[in-house]
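The structure is given below, and queries will be raised subsequently.
The values are calculated or read from the model by the stated rules, or taken from the named source; none is laboratory data. Source: prediction; values computed, not measured. Backbone-built Cβ (ideal geometry, glycine too); neighbour counts: all protein chains shown. Side chains included, ligands, DNA and RNA excluded: accessible areas come from the protein's heavy atoms. Shrake-Rupley method; radii C 1.70, N 1.55, O 1.52, S 1.80 Å.
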Amino acid sequence: LQPNKGMVEISGMTANEAIKTWPGAIGYVPQNVVISEGTIKSNISLGFNPNLIEDSFVWSALKLAQLDEFVKNLPEQILTPIDDRGTNLSGGQRQRLGIARAVFTNPRILVLDEATAALDAETESNITDSISSLHGNVTVIVIAHRLSTVLNADRVIYLDKGQIVASGSFDYVRETRSEEHTSELQ
């Protein structure tokens, strides 16, 4: 999507140019993950020929997304068929499949847009810990309403009606917000 005003640049390029220049370097997980009819493996390796992908790469992505134990217990494991739109998976499983897809290429930038909204608190915490293990190797951009998701972020940018109203550590943003907004941060 193109911004209405301003621009987003990655190393001096537009996002589209960066994606074309460095395929797989940017991972994105939307709130509503699109699932295709196929196998778990083909959904994780979307855009790549699944027959040419080593299973270990798929398992690594599943582990980071906290979906590996679930898949290990399926009769066909990563070759288990998935219905169109993932109707044979729960909302949380679809979300974690999207996370596995996003980390499959070992991206340098990972954008999580309400990516854990469909997860219970424990699973969200486990995935947050897994993603935290990428610290120093991957730039993670988290868009969230649930503040527990950004609690340990290096930098929090608080937006109100599209405007930046506070920026800094989680504690700094919470402390500097007006009384009206402080209740939203607790």
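Among residues other than S132 whose Cβ falls under 13 Å from its Cβ, what is the net charge (Lys/Arg +1, Asp/Glu -1)?
Result for the neighbourhood of S132: -3.
A follow-up question, please. With a 1.4 Å probe and all protein chains left in place, how much accessible area per residue does the chain have, in Å²?
Here the per-residue accessible area is 62 Å².
At 0.36 nm per residue, and after removing the present C-alpha to C-alpha distance, how many nm does the segment from I109 to F48 gain when stretched out fully?
Answer, rounded to one decimal: 20.0 nm.
If the chain between I164 and L79 were fully stretched, how many nm would it gain, using 0.36 nm times the residue separation less the Cα-Cα distance?
Fully extending the segment from I164 to L79 adds 26.1 nm.
When the helices in the chain are scored as -39500 (n - 2.57) per DSSP H run of 4 or longer and the sum is shared across all residues, what 222 nm value do you end up with, to the nearest 500 deg cm²/dmol?
That calculation yields -9000 deg cm²/dmol at 222 nm.
Between S130 and K5, what is the FRET efficiency for a Förster distance of 30 Å, r being their Cβ-Cβ separation, to the nearest 0.05?
Calculated transfer efficiency: 0.25.
Nearest 20 debye, what's the magnitude of the dipole of the chain about its Cα centre given +1 on Lys and Arg Cβ and -1 on Asp and Glu Cβ?
420 debye
Shifting gears a bit: Kindly write out, for the stretch 36-51 in residue order, the coupling ³J(HN,Hα) from the Karplus curve 6.51 cos²θ - 1.76 cosθ + 1.60 (θ = phi - 60°), rounded to whole Hz, with x marking Gly and Pro.
Each residue of the stretch 36-51 in turn: 9, 5, x, 9, 4, 4, 5, 6, 6, 8, 3, x, 10, 6, x, 6 Hz.
Distance between Cα centroids, the stretch 155-177 to the stretch 37-59: provide it in whole Å.
Distance between centres, Cα-based: 39 Å.
Let me ask something else about it. Dividing the alpha-carbon radius of gyration of the chain by 2.2 N^0.38 Å (N being the number of residues), what value is obtained?
Here the Cα radius of gyration is 1.10 times the empirical estimate.
Quick one: with all protein chains in place, what share of the accessible area of the chain is carbon or sulfur, to the nearest percent (1.4 Å probe)?
Carbon and sulfur atoms account for 50 percent of the accessible area of the chain.
Further question on the same structure: Over the Cα atoms of the stretch 1-89, Rg to Rh with Kirkwood Rh, two decimal places?
1.06
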